[in-house]
Amino acid sequence: MDAAMNDIYLAHEELELELLLEAIWRHYHYDFRGYSRSSLHRRLTRAQQRFECESLSQLQHRLLREPALFPELMSFLTIQVSEMFRDPAYFRALREQVIPHLRTYPSLKIWIAGCANGEEFYSLAILFREEGLDERTIFYCTDISPAALAKAEAGIFDLD
């Protein structure tokens, strides 16, 4: 493929991606339009293989006509990274620098957006219990993935 044809192909692929992302936004109200293009291309290539679609246009067509595919597509587009006390420096700073300020409030509401499988929430809950803040704290956990939320709600994790 010569350079001119390659440029046309890439422009066509980019247009298909933009149209797919716009369709997802308008139809399902999830906005991936600002995500890294290279990451989206990688993830959507795997999704195309899984759904046996030859192009992003075909994937878009199926998503708009087969809504049951969307939750599975979400597993390709989102990253479920979660681990108990994943960033020790963060938790140390939270304990030493933030918790003292939180003690001054009579009640606390903490929102864990993108809680994945719940390890971060449970890590925070443990920290708040150790610091005596658990009785006056309400945690709100949300995630784009219903399956991840179900795992978080169950609160069962492997020991490894």
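Every number in this text was worked out from the coordinates using simple rules, so none of it is lab data. Treat the numbers as computed from the prediction; the structure is a model and nothing was measured. Reconstructed Cβ throughout: ideal geometry from the backbone, glycine too, with neighbour counts over all protein chains shown.
Values as computed for the structure displayed
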read-out	value
Segment 88-154: mean projected area of Cα convex hull, nm²	4.5
Net charge, E153 excluded, C-beta distance under 15 Å - Lys, Arg +1, Asp, Glu -1	-2
For the chain, Cys with no neighbouring Cys Cβ under 4.7 Å	C53
FRET efficiency, 1/(1 + (r/R0)^6) with R0 41 Å, evaluated for S36 and K109 via beta carbons	0.80
Cβ-Cβ FRET estimate between I144 and H27, R0 fixed at 22 Å, reported to 0.05	0.90
Where the Cα pairs of segment 1-76 fall when distances are cut into 5 Å bins, in %	3, 15, 27, 28, 15, 6, 4, 2
The chain: calculated mean residue ellipticity at 222 nm from DSSP helix runs of at least 4, using -39500 (n - 2.57)	-17000 deg cm²/dmol
Rounded to the nearest 20 debye, dipole of the chain from Cβ charges on Lys, Arg, Asp, Glu	420
Per DSSP, loop GluC sites (Glu not before Pro) in segment 61-140 with at most 14 further Cβ within 10 Å	E83
Chymotrypsin sites (Phe, Trp or Tyr not before Pro) restricted to DSSP loop in segment 23-73 with at most 15 other C-beta within 10 Å	Y30, Y35
Net charge over other residues, Cβ less than 12 angstrom from the Cβ of F76 (K, R count +1; D, E count -1)	+3
Charge dipole (the chain, unit charges on Cβ, about Cα centre) - positive-most of L20, Y35, C141	C141
Dmax and Rg, reported as Rg then Dmax, of segment 27-160 (C-alpha, Å)	18.9, 58
Rounded Å value of the spacing that divides the Cα centres of segment 81-101 and segment 1-71	37
